[in-house]
1. Give the order of D138, D186 when sorted by the count of other beta carbons within 10 angstrom, beginning with the fewest.
2. Could you compute the FRET efficiency for I7 and Q98, with r as their C-beta to C-beta distance and R0 at 35 Å, rounded to 0.05?
3. For the pair N125 and T87, what calculated FRET efficiency results from E = 1/(1 + (r/R0)^6), where r is the Cβ-Cβ distance and R0 = 30 Å, to the nearest 0.05?
4. Tabulate in residue order the Karplus-calculated ³J(HN,Hα) for segment 144-149, using 6.51 cos²θ - 1.76 cosθ + 1.60 with θ = phi - 60°, rounded to whole Hz; enter x for Gly and Pro.
5. Quote the FRET efficiency, to the nearest 0.05, computed for I190 versus S164 with a Förster distance R0 of 22 Å and r equal to the Cβ-Cβ distance.
6. Please report the relative contact order for segment 2-49, taking Cα pairs under 8 Å with a sequence separation of at least 6, and give it as a percent rounded to a whole number.
7. Pop out the ³J(HN,Hα) list for segment 151-167 in order, Karplus 6.51 cos²θ - 1.76 cosθ + 1.60 with θ = phi - 60°, rounded to Hz; leave Gly and Pro as x.
8. If I model a spin label as a point 7 Å beyond the Cα along the Cα-Cβ vector, how far apart are those points for M107 and D138 in nm?
Amino acid sequence: MVLGFAIICGLITIIAIFSLTLAIQRRESKVGPGLVLVIALLLTGISVWKLPYWSHESAAPTTSHTVKKAKLKSQSGQAFGSSTTTTDRRSTEKKIQQQLQSSLKDMGTVVFDHQSKTYEVTVTNANLKKTIAALKQDPSQAKQAKWPQFTNGFAKTSASLKKSLGNGYTFKIKVGNQAPVLIFKDGYIIKNSFE
């Protein structure tokens, strides 16, 4: 809504500039167009300032983790203060596992090991299994099978894990009980079996 108002005010400002220049050329009164120009400029400036990108208004914390951290600072004498951040981290890890499971349901199953901080995808998709088996036979076909794009997509997923949870989280992709074909950590490729 603010964006629409900013655009309309910008258009009115342009029209007011043309009206003012026309009034100057015709040697007419400049008060009306000048007043409209000043008001349009003020409204444009205010509406642009209120856009979410530029807004300096204080926003409410977006995550419960931020709220808990603030509570911990203000209540540092309480005995069980640290357990709330641990609980938040575990619930965040669980939510991320659920999100990964829903977005990768066509690819395979996702499990999370809290001790090793590892999300592991076990491939169940028949086509992907065939592709991986073929690449194990002839890794030189990786580029043709678009393996680099596949790998880069999951590197971005790993970077998202780092952004959401912090450093030290591993993301693995494997077929059955075999060794992982891809391992990512903190947004970087640790192992790529086909490069």
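All of the numbers you see were taken from the coordinates with simple rules; none came from a lab. This structure is a prediction, so every number in the text was calculated from the model and none was measured. Don't worry about glycine lacking a Cβ; one is built from the backbone with ideal geometry, like all the others, and counts go over all protein chains shown.
1. Values: D138 11, D186 17.
Least to most surrounded, the residues fall as D138, D186.
2. Details: r = 40 Å, r/R0 = 1.14.
The formula returns an efficiency of 0.30 here.
3. Details: r = 34 Å, r/R0 = 1.14.
Efficiency, from the Cβ-Cβ distance: 0.30.
4. So the Karplus estimates, Gly and Pro as x, are 5, 7, 6, 5, x, 5 Hz.
5. Numbers: r = 19 Å, r/R0 = 0.86.
Using R0 = 22 Å, I get an efficiency of 0.70.
6. Working: 42 pairs, mean separation 27.2, N = 48.
Once divided by the residue count of segment 2-49, the mean separation gives 57 percent.
7. Calculated HN-Hα couplings, in order: 5, 5, x, 7, 5, 5, 4, 4, 5, 5, 4, 4, 5, 7, 10, x, 6 Hz.
8. The modelled label-to-label distance comes out at 2.5 nm.
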